[in-house]
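Please read the structure below before turning to the comments.
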Amino acid sequence: MNYALRKRILVTGGAGFLGSHLCERLLADGYAVHGLTRSGDDPIGLPAEVVLHRGDLTDRPAVSALVAQIAPDEVYNLGGQSSVSASWKDPDGTFAVNATAVEGLVGDCLELQQRSGRSVRLVQASSAEIFGEPAYCPQDEDTPIAPVSPYGRSKAAAHTAVLRARSAGLHASSLILYNHESPRRPTTFVTRKITSGVAAIAHHGGGELVLGNLAARRDWGWAPDYVEAMVRSARHTRGDTYVIATGVAHSVSDFVAAAFARIGITNWAAHVRVDPDLFVAVDPSEQRGCADHAANTLGWRPSVPFAEIVGRMVDADLQALAGEPR
């Protein structure tokens, strides 16, 4: 394919956990993919074909110049601060990268569209955290936005910026992503902490897993499925808002049980200790999404069940401990 005729894509957070899956998906379509990532970040499974740019989303002049240089047909914003617990320690920094930077990126896309005379499509990776402690389950696109954490507030502000951009004529979609996992999830997140800890217990023949709130319930899906939803939203005839979820919630203890089951241990409680210091300041009791709109409009549905998601993560961590390629 002639490079000049290929669609140009910009993925912020391209070297991250979800970004690497998205870049793989876009490269499979034959597109020219550019990724923006922070200096010092180690790419997680990122294909060599991705043109990687080092920078900071909060550096407005640099990001604007990059958008103008690449002149992308599609922009996927996955960059930013992605930890709810970390947002409590740095709420201002979280808002700067998750909200203010997104407002600037939206403006860059609108300016490029006006200057070039062609459509520029934007996909924002939003979060179920914008709903806070929802009054009902499952949540959908009409659920009131009422965040309870600095992370949720930042994502809610970015979500609103995308809605404004759509009103201004940009093909802009906000995907409200519920929890999504794969073996590439960093170990700083509880899911990989669980699967890597369980794999270590199996590998070493014993050990202890120290966790926080086991009762919190989340809707966990397979990350590559959620990437597929993002791509479909960009290719749809108009921008829109979509909840992307499986519609099934499990507790953290369910996740722990599934991980231990993968290594043949049923009495998992004997290997787990709860530390109250690990509880999040405000932790919604249950997040569960209804993805009917995405199913009906985009033809999107989740493909990997919960136990298999957990099992694949444990298997990958076991392979890593054994020195096998993942």
Heavy atoms of Val280 accessible to a 1.4 Å probe, total area in Å² rounded to 10: 50
Average accessible area per residue (Å²) across the chain - probe 1.4 Å, nucleic acids and ligands excluded: 42
For the chain, the longest site-free run once GluC sites (Glu not before Pro) in DSSP loop states with at most 14 other Cβ atoms within 10 Å are removed: 50-207
Highest-fluctuation residue, Asn98, Asn77, Asn213 considered, GNM on the chain with Cα pairs under 10 Å: Asn213
Where only alpha carbons of region 158-203 are counted, the Rg and the Dmax (Å): 18.0, 55
Label point distance in nm, Asp90-Asp56, each placed 7 Å from Cα along Cα→Cβ: 0.9
Of (i) 16.5; (ii) 14.7; (iii) 18.5, the label for mean projected area of the Cα convex hull in nm² derived from the coordinates: (i)
Apportionment of accessible area to carbon and sulfur, region 175-226, percent (1.4 Å): 53
Neighbour-limited loop hits for trypsin sites (Lys or Arg not before Pro), region 195-249 (at most 12 other Cβ within 10 Å; DSSP other than H, G, I, E, B): Arg238
Candidates Gly107, Gly16, Gly289: whichever shows maximal mean-square fluctuation once the chain is modelled as a Gaussian network with Cα springs under 10 Å: Gly107
Residue-span extension gain [Arg238 to Ala71] - 0.36 nm each, minus C-alpha spacing: 58.1 nm
Ranking by accessible area, most exposed first, for Leu122, Leu318 with a 1.4 Å probe: Leu318, Leu122
Tensor-based shape of region 119-196 (alpha-carbon gyration tensor, a/c under 1.5 rounded, otherwise prolate or oblate): oblate
Loop-located trypsin sites (Lys or Arg not before Pro) in region 105-178 whose Cβ has at most 13 other Cβ within 10 Å (DSSP): Arg118
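The values are calculated or read from the model by the stated rules, or taken from the named source; none is laboratory data. Worth saying up front: this structure is predicted, and the values here are computed from it rather than measured. We place every Cβ from the backbone using ideal geometry, glycine too, and count neighbours over all the protein chains shown. Surface accessibility is based on the protein's heavy atoms, side chains included, excluding ligands, DNA and RNA. Shrake-Rupley method; radii C 1.70, N 1.55, O 1.52, S 1.80 Å.
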